[in-house]
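These notes concern the structure reproduced below.
The values are calculated or read from the model by the stated rules, or taken from the named source; none is laboratory data. Please read these numbers as outputs of a predicted model, since none were measured by experiment. Counting neighbours? That spans all protein chains shown, and the Cβs are built from the backbone with ideal geometry, glycine included.
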């Protein structure tokens, strides 16, 4: 089984929303991890909360000896190279920034 740090470094596809229900707050969802929903009162807070929630969510799989879902780009690479690690792929390394991956983002319209 791969390590938590391996999963944390993957290029997750996220959807972000700015909600205007009784004040403004930010929401992040991860396409590959149904059930992971993160909120915050600012973009900085939601990003901080995201990394903590992602780690906790992934650990819940790993603690049960289950493999968490992975982004499609990784699934395709694992079919070709089953022993793939993030460091071995120039493509994935380019997607990372300061030990955190650059997340693929899908913007969702603001709800009033």
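Given 36, 10, which one is surrounded by 18 or more Cβ atoms within 10 Å (Cβ to Cβ), under 11 Å from the mean Cα position of the chain (by Cα) and free of Cβ contacts under 8 Å to residues at least 60 places away in the same chain?
Only one candidate qualifies: 36.
Kindly state which helices (runs of 4 or more DSSP H) lie completely within region 43-112 and contain at least 1 residues that are out of contact with any helix residue (DSSP H, G or I) (no Cβ under 8 Å at 6 or more places or on another chain) and modelled with pLDDT of 50 or more.
43-63, 72-80
For region 6-33, give me each residue that is out of contact with any strand residue (DSSP E or B) (no Cβ under 8 Å at 6 or more places or on another chain) and over 17 Å from residue 75 (Cα atoms).
Within region 6-33, 22, 23 qualify.
Go through region 13-26 and report how many residues are over 12 Å from the mean Cα position of the chain (by Cα), touching a residue at least 40 places away in the same chain (Cβ under 8 Å) and in a strand (DSSP E or B).
Total satisfying the criteria: 3.
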